[in-house]
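Engineer: I'd like to ask some things about the structure below.
The values are calculated or read from the model by the stated rules, or taken from the named source; none is laboratory data. The model shown is predicted, which means the values in this text are computed figures rather than measured ones. Note: ideal-geometry Cβ built from the backbone for every residue, glycine included; neighbour counts use all protein chains shown.
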Amino acid sequence: MRLISRFIAQILINALALLAIFYLVPEAKFIGDWTKLLEIALVLGIINFLVKPLLKLFLGPLVVLTLGLFSLVINALILWIVVQLFPNVLIIPWGWPLVWATIIVSVINFVFHFLSKSKA
């Protein structure tokens with residue numbers, strides 16, 4: 001039960017991070033309603049849960065060599081995959097907008113995980 005509640009919380013945090021992207025990155029656009037936003041956040045959560053550990057496993061040496069900075073590249077790749085899955089709803093151009101969007105999502109997720117670990 002605890003895993004389900006953490007996953008639901010992660011989906012809501014992802015939705016919050018996506019909203020932050022649309023307010024802070026001028027080139028990022030969202031065309032849809034809050035249900036579509038939750039759907040995108042759910043897909044982002046599932047990809048983070050299933051694909052991210054595999055990417056970190058295979059690309060772990062690069063993460064170690066760059067002292068963790070390559071994790072941002074992995075996060076950008078995951079965010080880019082989500083943008084490709086919702087091309088008419090979620091628009092984040094390649095380049096600096098994607099970099100800023102990745103940093104925003106990473107910081108919000110880091111804060112969420114830090115706060116959830118400190119309460120546990």
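Engineer: For Ile81, indicate whether it is closer than 22 Å to Arg6 by Cα and of a type in the set (A, V, I, L, M).
Structural biologist: Details: closer than 22 Å to Arg6 by Cα: no; of a type in the set (A, V, I, L, M): yes.
Criteria not met by Ile81.
Engineer: Next question. Can you pull out every residue in region 71-120 that is over 20 Å from Gly60 (Cα atoms), free of Cβ contacts under 8 Å to residues at least 40 places away in the same chain and of a type in the set (S, T, N, Q)?
Structural biologist: If the condition is that a residue be over 20 Å from Gly60 (Cα atoms), free of Cβ contacts under 8 Å to residues at least 40 places away in the same chain and of a type in the set (S, T, N, Q), then Gln84, Ser118 are the ones that fit.
Engineer: To continue, here is another question. Just one of (1) assigned to a helix (DSSP H, G or I); (2) modelled with pLDDT of 90 or more; (3) out of contact with any Phe, Trp or Tyr (no Cβ under 6 Å at 6 or more places or on another chain) trips up Pro93, so point out which.
Structural biologist: (1)
Engineer: Among Phe58, Phe49, Phe7, which is the only one that is of a type outside the set (Val, Ile, Thr), out of contact with any Asp or Glu (no Cβ under 7 Å at 6 or more places or on another chain) and surrounded by 12 or more Cβ atoms within 10 Å (Cβ to Cβ)?
Structural biologist: Numbers: Phe58 fails: surrounded by 12 or more Cβ atoms within 10 Å (Cβ to Cβ); Phe49 fails: surrounded by 12 or more Cβ atoms within 10 Å (Cβ to Cβ).
Being of a type outside the set (Val, Ile, Thr), out of contact with any Asp or Glu (no Cβ under 7 Å at 6 or more places or on another chain) and surrounded by 12 or more Cβ atoms within 10 Å (Cβ to Cβ) holds for just one of Phe58, Phe49, Phe7, which is Phe7.
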